[in-house]
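The values are calculated or read from the model by the stated rules, or taken from the named source; none is laboratory data. A quick note: this is a predicted structure, and the numbers were derived from the prediction, not measured. Cβ placement follows ideal geometry from the backbone for every residue including glycine, while neighbour counts extend to all protein chains displayed. These accessible areas exclude ligands, DNA and RNA; they are computed on the full protein's heavy atoms, side chains included. Shrake-Rupley method; radii C 1.70, N 1.55, O 1.52, S 1.80 Å.
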Amino acid sequence: MSDPRTTVTTPGLLAEGTHDPGTPPAGIKRAPTGVDHLATEHLVINMGPQHPSTHGVLRLLIEVDGEEVVTVEVSVGYLHRGIEKLAEHRRFNAIGTLMDRGDYVSGIHGETAVALAVERLMEIEVPRKAQWLRSLAAELNRIASHLVWFGTFGLDTGGMGQFLYAMRDREAILDILEAITGQRMMFNYARPGGVVADLPVGIDEKIRAFCDTFDTYLDEHHALLGGNEIFQGRVKGIGIIDAEKAFAFGLTGANLRGAGVDFDVRKKRPYDAYPELDWEVPLGSAGDAWDRYMVRMGEMRQSARMIRQLIDGIPEGEHTAKVPKVLRPPAGEIYACVESSRGETGIHLVTDGGDTPYRMHYRAPSIFALQAVEDIVPGHLIADTVMMVGSTDVMLGETDR
Amino acid sequence: MALDRLTGDNSIVFIRSEQLFDIARTNSLWYMAFGIACCAIEGLMSASGPRFDFDRMGVFFRNSPRQADVMIVAGTVNLKMAETVRRLYEQMPEPRWVVAMGACASTGGPFREYPNVVMGVDKVVPVDVYIPGCPPRPESVQYAFLELRKKIRAKTEDRLAARRQK
Amino acid sequence: MRPDARSSRAVLKRAGVPADFETLALGEVARVPAADVIAALKALKDSGYESLIDFDGIDTGDDITLTWRLRSYSADRETYVRTSVAYGAEIASVWNVYPSALMPERETAELFGMRLAGHPNPKRLLTTDGVPPLLLKEVPIRTEEEVKAR
């Protein structure tokens with residue numbers, strides 16, 4: 001006995017294009033509605049800037065046909081606060097305070113980019129210890145940033161538990177970073193010439209203790225979120241960015257490596273202590289959201305591996321080079337890039353010999369990731385939109401600058 | 001205010017309705033999950049995380065402005081954002097309170113010189129509590145909620161005192 | 001298999017694009033006339049520079065200098081293309097060659113007060129109507145008095 005709700009009484013009614021309604025009798029506009037008369041209207045949905053799943057003040061204008069996304073327009077600028085313009089009015093060792101607030105979850109990378117640019121222009125020799133301290137802070141910060149991404153990415157799928165565990169581990173890192181730099185988020189630690197302070201006494205024990213527990217915790221995190229079948233069902237095969245598309249949209253970082261492209265600034269354009277460390281670059285293959293998830297989880301593991309080497313092998317010496325209080329780099333132009341938590345953060349610095357930059361351009365990886373979002377979302381269901389935005393790990397502070 | 005600690009079993013409490021509502025309100029200040037910038041990580045995410053755990057004070061986040069009592073303006077408000085902030089404020093049911101978190105929301109902070117930045121969210125919505133810091137620690141946000149409680153209760157006390165004098 | 005990216009000097013010479021070359025601390029920079037930018041970028045893309053990594057403008061005081069930073073992942077090298085345009089000029093969008101220029105172009109056009117030609121969505125990106133082009137040197141930031149008088 002077949003289900004009457006799914007039984008087609010008139011053959012061909014449900015088959016698209018085969019149903020001919022015929023000429024209606026006089027006085028009736030058209031024949032009783034058949035399935036192919038039920039045209040769906042396109043509807044524009046506004047998502048953001050206040051939305052829990054947009055990771056900041058991102059606004060998406062989504063045109064949907066039923067539940068399927070037809071087009072999406074990314075609207076940014078709700079956090080445009082002029083980091084590039086204000087940097088033209090700041091001295092070189094004060095730009096770090098602005099850069100911290102650009103990519104505010106992993107501030108140390110932006111600072112390092114500025115410091116590297118100024119050092120290369122002025123040809124300052126940075127002490128080896130300063131380079132190691134910078135890398136140490138950067139890798140700690142990378143884990144903290146990825147944990148925020150991990151927690152909120154899970155929130156987008158409806159999970160709450162992994163957020164609490166991720167925040168627990170993040171607090172442990174922030175305690176260490178606070179002891180090293182003096183602040184929880186806005187470090188202003190890496191300055192042109194080195195770092196602002198030496199390691200406090202006894203911090204290496206804390207860092208070792210953290211590293212010992214973190215590997216186990218990371219397995220737990222992965223089991224909690226990545227081992228969940230619902231989560232896998234929602235991210236596998238979603239939002240595929242292959243290598244061609246990643247090149248076309250200028251993606252960097254985990255979004256590029258998720259497509260299997262082996263490019264990490266730390267390996268290919270080495271800076272600080274990275275050439276001396278032993279680590280691997282995690283790579284994906286298909287370039288879907290699951291691959292990007294796995295790459296970031298792998299990066300956290302590699303960061304922990306690097307931190308262990310860094311804390312064991314910190315060289316003796318000064319933590320900063322002898323630099324004048326007011327830096328006046330010679331007139332010139334330089335581009336310095338670092339691998340931040342989100343991709344390649346670059347600083348294009350133009351100087352005219354004065355004590356402030358003539359122009360500073362901040363290359364933010366997130367703005368390129370958002371262009372890819374505009375391209376990959378159409379064709380997916382509306383519920384998958386948040387998954388794709390989450391999997392690219394965009395940060396609106398650096399998008400708008 | 002734990003009433004059961006002040007009173008014994010089977011006791012009858014006389015209280016003015018305004019004060020009763022105040023007790024209810026001040027112990028369930030739900031804030032809107034509306035992070036603008038850096039402060040959102042400290043004031044909204046760390047705050048609901050396991051270490052600071054604002055839930056135990058009855059402070060909990062709601063995703064919709066229509067269910068929220070408090071708006072924490074956590075970040076720099078610029079000209080494009082100002083309209084949205086005002087609209088969200090108007091969507092919140094009364095009584096409603098605003099906490100300006102951090103230097104940016106209070107005065108414009110490190111970005112105050114940029115012509116696109118609004119110098120303090122008090123130019124857009126009325127602010128009840130300002131929190132200094134860039135960004136303030138989550139403890140400061142907890143303190144701000146305690147101050148907000150005092151402020152809410154003091155308002156009723158003042159009104160009652162004025163009525164008594166009449 | 002993509003051809004390995006070579007020096008922009010050889011590529012642009014073969015493509016017949018007029019260009020001046022200089023080697024700065026920045027790297028290898030090819031300065032081309034504004035009208036030939038698309039031809040130059042197309043030639044460089046065909047020769048293996050797969051990705052446009054960055055695009056920005058500089059207000060030099062006489063004109064606006066636009067810089068494109070290209071990267072070849074296969075050959076692991078980078079090159080720069082540069083041109084100068086007048087204030088308020090119309091710049092041709094290169095998104096047909098490099099789609100990653102879509103948003104940076106909108107941003108640069110908006111903050112330097114230029115117009116975009118051939119762009120699918122030439123709206124403002126970051127600010128609202130009525131905000132002046134903020135990255136121009138002639139647009140000042142707020143003074144200390146203004147800030148104090150808040």
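From zero outward in steps of 10 Å, how is the percent of C-alpha pairs of the protein assembly as shown spread across the bins?
The calculated distribution, bin by bin, is 3, 14, 23, 25, 18, 9, 6, 3, 1, 0.
Before anything else, pin down the relative contact order of chain B: Cα pairs under 8 Å, at least 6 apart, normalised by residue count, whole percent. Each step should come with its number before you reach the end.
Values: 268 pairs, mean separation 35.8, N = 166.
Worked out over chain B, it gives 22 percent.
What average count of beta carbons from other chains do you get within 10 Å of the Cβ of residues in A:69-76?
Values: counts 0, 0, 0, 0, 2, 3, 3, 6.
Mean partner shielding for this stretch: 2.
Report ³J(HN,Hα) in whole Hz for each residue of the range A:366-377, in order, from the Karplus equation J = 6.51 cos²θ - 1.76 cosθ + 1.60 where θ = phi - 60°; Gly and Pro get x.
Listing the rounded values in order: 5, 5, 6, 5, 5, 5, 5, 4, 4, 8, 8, 5 Hz.
With all pairs of different alpha carbon atoms counted, what Kirkwood hydrodynamic radius in Å does chain C show?
Values: mean 1/r = 0.0606 Å⁻¹.
Final number for the Kirkwood radius of chain C is 16.5 Å.
What net charge is computed for the residues neighbouring B:SER48, neighbours being all others with C-beta under 13 Å from the C-beta of B:SER48, Lys and Arg scored +1, Asp and Glu -1? Write down the numbers at each step before the final one.
Working: positive: A:ARG168, A:ARG170, B:ARG51, B:ARG56, B:ARG62; negative: A:GLU171, B:GLU42, B:ASP53, B:ASP55.
With Lys, Arg at +1 and Asp, Glu at -1, the neighbours total +1.
Ignoring ligands, DNA and RNA, what percent of the 1.4 Å accessible area of the range B:30-149 is carbon and sulfur?
Details: 2090 of 4020 Å².
Carbon and sulfur atoms account for 52 percent of the accessible area of the range B:30-149.
Hey, any idea what % of the range C:1-60's accessible area is carbon plus sulfur with a 1.4 Å probe? Show your work: numbers first, answer last.
Values: 1480 of 2810 Å².
Its accessible area is 53 percent carbon and sulfur atoms.
Calculate, for the range C:41-127, the solvent-accessible area per residue in square angstrom, rolling a 1.4 angstrom probe over the heavy atoms of the protein chains.
On the way: 2550 Å² over 87 residues.
With the other protein chains kept in place, the range C:41-127 gives 29 Å² per residue.
Taking Rh as the Kirkwood radius, which is the inverse of the mean 1/r over Cα pairs, what is the Rg/Rh value for the range A:131-176? The partial results should precede the final answer.
Values: Rg = 12.0 Å, Rh = 11.0 Å.
The Rg/Rh ratio comes out at 1.09.
Counting heavy atoms of the protein chains only and a 1.4 Å probe, report the per residue accessible area for chain B as a whole number of Å². Kindly include the intermediate steps, with their values, before the conclusion.
Details: 7920 Å² over 166 residues.
For chain B, the solvent-accessible area averages 48 Å² per residue.
What accessible area, summed over both chains, is buried at the A-B interface (1.4 Å probe, Å², nearest 100)?
Numbers: alone 17930 and 9970 Å², together 24860 Å².
Separately minus together, A and B give about 3000 Å² buried.
In nanometres, what is the gap between the two model label sites at C:GLU28 and A:ARG168, each 7 Å from Cα along Cα-to-Cβ?
Each label point is offset 7 Å from its Cα along the Cβ direction, giving 5.4 nm.
What percentage of the solvent-accessible surface of the range A:92-167, computed with a 1.4 Å probe over protein heavy atoms, is contributed by carbon and sulfur atoms?
Details: 790 of 1590 Å².
Carbon and sulfur together cover 50 percent of it.
So what's the angle, to the nearest 10 degrees on a 0 to 90 scale, between helix B:138-165 and the longest Cα principal axis of chain B?
Tilt relative to chain B: about 50 degrees.
Just the ratio, please: alpha-carbon radius of gyration of the range C:80-144 over 2.2 N^0.38 Å, N its number of residues.
1.19
So how much accessible surface do A and C hide from each other in total, probe 1.4 Å, in square angstrom to the nearest 100? Could the numbers behind the result be given before it?
Values: alone 17930 and 8880 Å², together 23340 Å².
For A against C, buried area totals roughly 3500 Å².
Would you mind giving the mean number of other chain beta-carbons within 10 Å of the Cβ of each residue in B:125-134, as a whole number? Write down the numbers at each step before the final one.
Numbers: counts 0, 0, 0, 0, 0, 0, 0, 0, 1, 6.
Mean shielding by partner chains, rounded to a whole number: 1.
Around A:ILE241, with a cut-off of 13 angstrom between Cβ atoms, what is the net charge of the other residues, counting Lys and Arg +1 and Asp and Glu -1?
After counting each charged neighbour, the total is -4.
Give, in nm to one decimal, the length gained when the segment between B:ASP53 and B:ARG164 is fully stretched (0.36 nm per residue of separation minus the Cα-Cα distance).
Working: separation 111, 0.36 × 111 = 39.96 nm, distance 4.00 nm.
Full extension from B:ASP53 to B:ARG164 adds 36.0 nm.
Compare the peptides B:112-124, A:376-388 by average per-residue count of other Cβ atoms within 10 angstrom and give them in order, highest first.
Values: B:112-124: 20.8, A:376-388: 18.8.
Put in order of decreasing packing, that is B:112-124, A:376-388.
Going highest first, how would you order B:151-164, B:23-36, A:85-98 by mean Cβ packing within 10 Å?
Values: B:151-164: 12.1, B:23-36: 19.4, A:85-98: 21.4.
Put in order of decreasing packing, that is A:85-98, B:23-36, B:151-164.
Could you give the nm distance between label points at A:GLU63 and B:GLU18, where each point is 7 Å from its Cα heading toward the beta carbon?
5.5 nm
At a threshold of 8 angstrom on Cα-Cα distance, excluding pairs fewer than six apart, so keeping six or more, what relative contact order does the range B:49-101 reach in percent?
Values: 42 pairs, mean separation 24.6, N = 53.
RCO, the range B:49-101: 46 percent.
What ³J(HN,Hα) values, in whole Hz, does the Karplus curve 6.51 cos²θ - 1.76 cosθ + 1.60 give for the range C:61-73 when θ = phi - 60°, with x put for Gly and Pro?
x, 9, 7, 10, 9, 9, 10, 10, 10, 10, 9, 9, 6
For chain A, what is the accessible area per residue in Å², given a 1.4 Å probe and the full set of protein chains? Numbers along the way, then the final one.
Working: 14810 Å² over 401 residues.
Accessible surface, normalised per residue, equals 37 Å².
Divide, for the range A:192-267, the radius of gyration over alpha carbons by 2.2 N^0.38 Å, where N is the residue count. Don't skip to the answer; put the middle values down first.
Working: Rg = 18.8 Å, N = 76, 2.2 N^0.38 = 11.4 Å.
Here the Cα radius of gyration is 1.65 times the empirical estimate.
Express as a percent, rounded to the nearest 5, the fraction of DSSP beta bridges in the protein assembly as shown (both residues included) that run antiparallel.
75 percent
Partner chain Cβ atoms within 10 Å, averaged over the residues of B:28-38 - can you pull that number for me? All intermediate terms of the calculation are to be shown ahead of the outcome.
Details: counts 0, 0, 0, 0, 1, 3, 5, 7, 8, 10, 11.
Taking the mean over all residues of the peptide, I get 4.
Tell me which residues come under 5 Å, amide H to amide H, from A:LEU327 once H is placed; ignore anything under 5 positions away on its chain.
For A:LEU327, the qualifying residues are A:PHE92, A:ASN93.
Between the range A:173-214 and the range B:20-86, how far is it from one alpha carbon centroid to the other, in angstrom?
Their Cα centres are 29 Å away from one another.
Just want to confirm a number: the relative contact order over chain A, from Cα pairs under 8 angstrom separated by 6+ residues, in percent. Intermediate values should be presented prior to the final figure.
Details: 751 pairs, mean separation 94.9, N = 401.
Dividing the mean separation by the residue count of chain A yields 24 percent.
Excluding ligands, DNA and RNA, what is the accessible area buried between chains C and B, summed over both sides, using a 1.4 Å probe, to the nearest 100 Å²? Intermediate values should be presented prior to the final figure.
On the way: alone 8880 and 9970 Å², together 17620 Å².
About 1200 Å² of accessible surface is lost on pairing.
Can you compute the equivalent ellipsoid semi-axes for the range A:326-375, i.e. the square root of 5 times each eigenvalue of the Cα gyration tensor, sorted largest first and rounded to whole Å?
Working from the Cα gyration tensor, I get semi-axes of 29, 10, 7 Å.
Starting from the Cα gyration tensor of the range B:97-166, multiply each eigenvalue by 5, take the square root, and state the resulting semi-axes largest first in whole Å.
Details: eigenvalues 185, 48, 8 Å².
In descending order the semi-axes read 30, 16, 6 Å.
Tell me which trypsin sites (Lys or Arg not before Pro) from the range C:82-149 have a DSSP coil assignment and no more than 14 other beta carbons within 10 Å of their own.
Listed in order of number, the matching sites are C:LYS123, C:LYS137.
Specify, per residue and in Å³, the volume enclosed by the convex hull of the alpha carbon atoms belonging to the range A:92-372. Intermediate values should be presented prior to the final figure.
Working: hull volume 32.5 nm³, N = 281.
Cα convex hull per residue, to the nearest whole number: 116 Å³.
Expressed as an acute angle from 0 to 90° and rounded to the nearest 10, what is the orientation of the C-alpha long axis of helix A:107-122 relative to the principal long axis of chain A?
The angle comes out at about 50 degrees.
What is the pair-distance distribution P(r) of chain B, computed from all Cα-Cα distances in 10 Å bins starting at 0, with each bin given as a whole percent?
Histogram of Cα-Cα distances, whole percents per bin: 10, 36, 31, 16, 6, 1, 0.
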